[in-house]
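Input: a single structure, listed below in structure tokens.
The values are calculated or read from the model by the stated rules, or taken from the named source; none is laboratory data. The structure presented is a predicted model; accordingly, all values stated were derived computationally and were not measured. Using ideal geometry, Cβ is built from the backbone for each residue, glycine included, and neighbour counts are taken over all protein chains shown. Note: areas computed on protein heavy atoms with side chains; ligands, DNA, RNA excluded. Shrake-Rupley method; radii C 1.70, N 1.55, O 1.52, S 1.80 Å.
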Amino acid sequence: MTSTLGRPRHATAHRRVRVAHALTGGAAAAVWLLLPATAHAPGHPVAAPPTVSATVPARADTSPAGTTRTAVGFGAAERDGAAVDLALPLVVAVAAVLGAGYGYVRRTRRLRTRTTPAVPPSAPPEPGTGELERRARAALVDADDWVRASAEELSYVPEAEGGAAREALRAAETELAAAFALFHRCAEGVPEDAHARRQALAGVIGRCEEAGRRLDAQAPALDRLRGLEPGAPLAVAERRFRELTARAAAAQGTVAALRERYGVRADRCTEVALDRLVFATARLNEARRAVDAGDGRAAARQLRAAEGAIAQAGVQVDGVERLAARLAEAAGLVPAALAAAEQDPAAPARAEEVLAAVREVPGPYDPLEALRRITGAVRRPGQARAEVLHEAARLVAESAVDEAADYIAVRRGAVGVDARTLLAAARQALAARDREGEHDAEADVLARRALESAEADVGAYPAPYAEEPGHPAGLAGAVLGGVLLGAEPDGGPPVSYGGPATRDRRGLP
């Protein structure tokens with residue numbers, strides 16, 4: 001009987017027996033060869049050879065010549081016996097060696113030609129589904145942070161430069177998107193088979209690791225590119241900071257107007273933007289002093305922290321400006337969407353009640369929410385609808401996805417894998433266009449779920465440095481936003497372009 005490894009269960013024991021036989025035969029042969037030499041060695045008593053007795057009968061050959069012939073015959077016999085004594089052990093030794101060699105050749109040939117892999121019995125057991133899921137969750141959060149931080153730093157590099165780093169970022173984004181898609185299917189219970197599920201989770205981990213490797217490979221080249229002209233990267237950051245400061249002030253006025261006209265509150269966007277700009281102010285000043293003092297390492301550390309904060313402030317200001325434009329567009333679409341929905345002969349019975357409620361909303365109202373209710377009331381799976389309704393559903397979905405994306409981008413230090421996975425699924429649904437609006441509706445639902453999950457994560461996140469009075473302004477927000485890793489009293493090193501091996505390389509003082 002053979003084991004599952006394709007090897008006889010007692011193969012090891014058989015090999016040991018063969019080796020023991022070979023060694024025993026060799027030892028016996030050696031002893032046999034040495035015995036004659038030991039027997040005739042000087043200093044050892046040797047039995048006297050038999051001699052011809054003087055009382056040999058006369059009929060025997062009694063002549064001196066006969067006696068001589070008898071002695072000579074005895075010496076020849078003795079030499080023949082010695083030759084036999086030497087030949088036999090030699091034959092045995094050769095046979096033992098040949099037998100051992102034959103066994104070795106057979107065993108080697110069998111090992112080379114067998115098809116079943118030899119797995120060491122002491123191989124560690126495969127991780128279970130629960131352990132793989134835990135690792136996949138952590139890997140997705142890490143990889144998403146690597147990609148986000150890398151994109152932030154690349155935004156400070158001119159478009160004509162850093163081609164290899166940009167290509168690596170695109171490849172990492174592709175790997176990450178595939179990993180999120182796999183994990184989302186697992187979260188929905190697909191596949192159900194335990195073995196296939198473990199394979200899918202292992203695939204998630206592998207894709208995240210590949211994304212990190214691609215980014216790590218280009219980090220040194222990007223550092224060399226950005227260090228060609230000392231002080232030039234700092235000048236770029238300072239210019240962007242000044243432009244963004246002016247836009248942030250205008251965004252505060254926009255937020256107030258949106259609240260008055262539509263009842264939409266976007267105050268938290270400008271609050272985060274101003275918090276990041278305050279933090280960036282201090283870090284830019286530190287970077288400028290380090291450049292003037294010729295301390296390149298300190299300058300790089302402070303500059304990268306400032307760049308991350310400026311990028312996140314830009315996300316929030318962009319979000320306010322984009323929201324204002326979409327609310328205005330939605331307000332213009334509401335009358336046409338209402339008319340198209342009311343004229344739809346195949347609209348469900350409940351649509352009339354929903355449409356009437358939308359018309360009767362008093363005072364300022366959120367036009368995006370109104371479009372959401374209108375398109376949802378007349379949506380019929382598998383059936384095309386009026387162009388204006390399709391346009392309205394698209395606008396609603398895009399607004400929901402961008403809102404969730406902006407919220408997570410500036411709070412990624414606290415947001416877990418569920419919100420990130422839902423956001424990735426919403427983006428994937430939004431990228432799939434259809435005339436029925438099914439993908440738009442799905443993207444809207446997933447994005448709102450992502451936002452709710454992210455808000456819950458942030459609500460449960462302990463405020464960093466809350467119990468440490470006197471920390472610099474904006475430090476807590478920078479750690480919450482993932483600009484700093486939060487590993488040290490001063491907030492830790494800033495994140496940079498790269499994967500697990502290089503993202504914190506500017507942490508050295």
Practice problem: Would you point out which residue out of ALA346, ALA339 is on the phi < 0 side of the Ramachandran plot, touching a helix residue (DSSP H, G or I) at 6+ places or on another chain (Cβ under 9 Å), assigned to a loop (DSSP other than H, G, I, E, B) and open to solvent by 20 Å² or more (accessible area, probe 1.4 Å)? | Solution: ALA346
Practice problem: Mind counting the residues in the range 257-289 that are touching a helix residue (DSSP H, G or I) at 6+ places or on another chain (Cβ under 7 Å), touching a residue at least 12 places away in the same chain (Cβ under 8 Å) and of a type in the set (D, E, K, R)? | Solution: 6
Quiz item: Which members of the range 257-277 meet the condition of being crowded, with 17+ Cβ neighbours inside 10 Å, part of a helix (DSSP H, G or I) and of a type outside the set (Asp, Glu)?
Solution: LEU258, TYR262, CYS269, THR270, VAL272, ALA273, LEU274, ARG276, LEU277
Quiz item: Condition test on LEU508, is it open to solvent by less than 10 Å² (accessible area, probe 1.4 Å), at pLDDT below 95 and hydrophobic (A, V, I, L, M, F, W, C)?
Solution: no
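For every residue, the table says whether it meets (1) part of a helix (DSSP H, G or I); (2) of a type in the set (S, T, N, Q); (3) closer than 30 Å to ALA328 by Cα; (4) touching a residue at least 24 places away in the same chain (Cβ under 8 Å).
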{"position": "GLU210", "(1), (2), (3), (4)": "yes, no, no, yes"}
{"position": "LEU215", "(1), (2), (3), (4)": "yes, no, no, yes"}
{"position": "LEU222", "(1), (2), (3), (4)": "yes, no, no, yes"}
{"position": "PRO233", "(1), (2), (3), (4)": "yes, no, no, yes"}
{"position": "ARG239", "(1), (2), (3), (4)": "yes, no, no, no"}
{"position": "ALA250", "(1), (2), (3), (4)": "yes, no, yes, no"}
{"position": "VAL255", "(1), (2), (3), (4)": "yes, no, yes, yes"}
Self-check item: Odd one out for ASP406 among (1) closer than 25 Å to ALA273 by Cα; (2) open to solvent by less than 10 Å² (accessible area, probe 1.4 Å); (3) assigned to a helix (DSSP H, G or I)
Solution: (2)
Quiz item: Which members of the range 184-193 meet the condition of being assigned to a helix (DSSP H, G or I) and in contact with a helix residue (DSSP H, G or I) (Cβ under 6 Å, 6 or more places away or on another chain)?
Solution: HIS184, CYS186
Practice problem: Report the residue count in the range 206-220 for those that are of a type outside the set (Asp, Glu), within 9 Å of ALA143 (Cβ to Cβ) and open to solvent by 30 Å² or more (accessible area, probe 1.4 Å). | Solution: 1
Practice problem: Take the residues in the range 374-402 that are farther than 19 Å from ALA426 by Cα and among the basic types (Lys, Arg), then tell me which one is surrounded by the fewest Cβ atoms within 10 Å (Cβ to Cβ). | Solution: ARG380
Quiz item: Does at least one position in the range 474-486 carry a residue that is part of a loop (DSSP other than H, G, I, E, B), out of contact with any His (no Cβ under 6 Å at 6 or more places or on another chain) and open to solvent by 70 Å² or more (accessible area, probe 1.4 Å)?
Solution: no
Quiz item: Got a number for residues in the range 478-509 being within 15 Å of GLU307 (Cα to Cα) and among the aliphatic types (A, V, I, L, M)?
Solution: 6
Quiz item: Name the residues in the range 158-183 that are in contact (Cβ under 8 Å) with a residue 12 or more places away in the chain, outside any helix (DSSP H, G or I) and surrounded by fewer than 18 Cβ atoms within 10 Å (Cβ to Cβ), would you?
Solution: GLU161
Self-check item: Options VAL291, VAL317: the member that is among the hydrophobic types (A, V, I, L, M, F, W, C), open to solvent by less than 30 Å² (accessible area, probe 1.4 Å) and out of contact with any strand residue (DSSP E or B) (no Cβ under 6 Å at 6 or more places or on another chain)
Solution: VAL317
Quiz item: Is at least one residue of the range 410-418 under 42 Å from the mean Cα position of the chain (by Cα), open to solvent by 30 Å² or more (accessible area, probe 1.4 Å) and of a type outside the set (Ser, Thr, Tyr)?
Solution: yes
Self-check item: Of the criteria (1) closer than 30 Å to THR502 by Cα; (2) touching a Phe, Trp or Tyr at 6+ places or on another chain (Cβ under 9 Å), which one ALA331 fails
Solution: (1)
